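These notes concern the structure reproduced below.
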Amino acid sequence: LGFSDHCPYPHDERDTWSNIRMKEAEAPEYLRLVREAAKDANFPVFAGFECEWHPMYASWYKDVLLEELACDYLIHGPHWVFVDGDFKYAPEIQGAKVIKDYFINLVDAIQSKIFTFVAHPDLIMAFGREWSKDIEDGFTEVINAAYECGIPLEINGLGLSREKIQSGGILRYQYPVDKFWEMAGKKGVKIVCNADAHKPQDVIVLAQKARDYADERGLQYVETLPLVHRLKNT
């Protein structure tokens, strides 16, 4: 079981997504609580963070979260793109240039090799975005980068629990998106099935939903991931 709350940012004057993100000073206590809880578990428990990507945070991730605080792993959650001095939510962005910048940023995150896997790589398709050449080109770059770097992409169980939407004349999941995973499967990219549970009672249910989605489409997924410090319940 891995915990991966949204990571804090250093000296975050803009108070970025403060409703869903811990403060810098809270990170050690978060890790302590996970490790303390792990002592009562009869299975391995790991402590990590889900992070956005911007090169200005690279040393924060590597030197502080991974090394100084010794968390077990980092996940990349591509929720944002940095536009005109502000972070824009991926499902809401419009325009070819902004979409291209979003995918460039996601590829850069993969190529940093800081992250154990990429969460919901198809999140940009939520809210009913229709498939287009810009989207297909961007996804192609993401899948190629993940394949070349050996970084798994995540089938997200939480997305499978959300209300379906109309897009391109069909009713589909907001994410995962079938066309994306057809492309990923053909490329042979590594895939991880994950719950992304926001409530304890959803952990097993959503993880199974992700596996069912993969099995129904003949997608092969990895069972284990290379963590950094591998702090178990000791």
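The values are calculated or read from the model by the stated rules, or taken from the named source; none is laboratory data. If you're wondering where the values come from, they're calculated on a predicted model, not measured in any experiment. Glycine also receives a Cβ, built like all others from the backbone with ideal geometry; neighbour counts cover every protein chain displayed. The protein model used for the area step is the full one, side chains on, heavy atoms only, and it has no ligands, DNA or RNA in it. Shrake-Rupley method; radii C 1.70, N 1.55, O 1.52, S 1.80 Å.
Miscellaneous remarks
- Candidate set: the range 52-86, residues that are of a type in the set (D, E, K, R) and under 16 Å from His11 (Cβ atoms); chosen: the one least open to solvent (accessible area, probe 1.4 Å): Glu52
- Of all residues in the range 51-98 being outside any helix (DSSP H, G or I) and among the β-branched types (Val, Ile, Thr), the one that is modelled with the lowest pLDDT: Val83
- Against the list (1) open to solvent by less than 30 Å² (accessible area, probe 1.4 Å); (2) under 16 Å from the mean Cα position of the chain (by Cα); (3) aromatic (Phe, Trp, Tyr), the condition Tyr89 fails is (1).
- Pairs with Cβ under 9 Å, 6+ apart, first in the range 121-136 and closer than 24 Å to Cys51 by Cα, second among the basic types (Lys, Arg) and open to solvent by 10 Å² or more (accessible area, probe 1.4 Å): Asp122/Lys179; Met125/Arg172; Met125/Lys179; Ala126/Arg162; Ile135/Arg129; Ile135/Lys179
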